[in-house]
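The block underneath contains the structure these notes are about, expressed in structure tokens.
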């Protein structure tokens, strides 16, 4: 019995997470839809995420583009900087920067809110009243996290391309016309679609992790802090796992060719 508990205990949170995820997907199609909660959470997550996302994108992309442009300058191909910026931003940096911020700011706020409600027994009170917490609280937050991640990806991509333009043209001598013309040299519409799919997947995953850790919080205020820390770690780990899987599938299907 002790050996069985030793094996099953670490797997219990994984099973609980998948069970809540399935309940969430089922509850998405249940009426009535919590439109007001969804809009409030969308505005809230966007408000805490958009400025940090921009502040993360500018130096993150700036360092990468500067180093790549240094290499291009050595071989006399600085006018291809636009192609490198487009490839880096659309395929990787845009969705990753977006959801790193959503996971670090939005998801932690969701977790702290639900965790606080849990330790105040508000979640238990909803269940006593016959209200499903997943339908009432989780679904709007997960959908809001997904939507904000997709919208934020577009904003981050625009800011990143603008940053790459300034660095390449103003500081490293690239031709403005060639930079703009080469933006689509290595990237196509399919790359942008996959970028948005990545952002949506990352945002959905971050929202589910945040809600699960919030609803399973225990141990008072300290437990809320622990849940928030675990949310950030788990969301970022899953972000990189999903990124590798989606990129590998896309490339195997001939993407970017």
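Please report Rg (one decimal) and Dmax (integer) in Å for the Cα set of the stretch 110-194.
So, for the stretch 110-194, Rg and Dmax equal 22.4, 67 Å respectively.
So what's the back-of-envelope 222 nm ellipticity for the chain, counting only DSSP H runs of four-plus at -39500 (n - 2.57) apiece and dividing by all residues, rounded to 500?
So the helix-based figure for the chain works out to -26000 deg cm²/dmol.
Normalised by the residues of the stretch 40-252, what does the relative contact order come to in percent, with Cα pairs under 8 Å and at least six apart?
Relative contact order comes out at 36 percent.
Using packing as a proxy for protection, rank 43-49, 246-252, 208-214 so that the peptide with the highest average count of other Cβ atoms within 10 Å comes first.
Going by the mean number of other Cβ atoms within 10 Å, highest first, we get 208-214, 43-49, 246-252.
For the stretch 40-252, what is Rg from Cα atoms divided by 2.2 N^0.38 Å, rounded to two decimals?
Compactness ratio reported: 1.18.
Taking N as the number of residues in the stretch 50-169, what is its alpha-carbon radius of gyration divided by 2.2 N^0.38 Å?
Rg over 2.2 N^0.38 Å, computed on Cα atoms: 1.49.
Test of understanding: ordering 118, 198, 222 by Cβ neighbours within 10 Å, fewest first, what list do you get?
Listing 118, 198, 222 from fewest to most nearby Cβ atoms yields 222, 118, 198.
For a distance above 18 Å, tell me the whole-number percent of Cα pairs in the stretch 32-101 that qualify.
53
Bear in mind that the values in this text are calculations on the coordinates, not laboratory data. Note that the structure is predicted; figures quoted are calculated from it, not measured. Quick reminder, even Gly has a Cβ in these numbers, built from the backbone with ideal geometry, and neighbours come from all protein chains shown.
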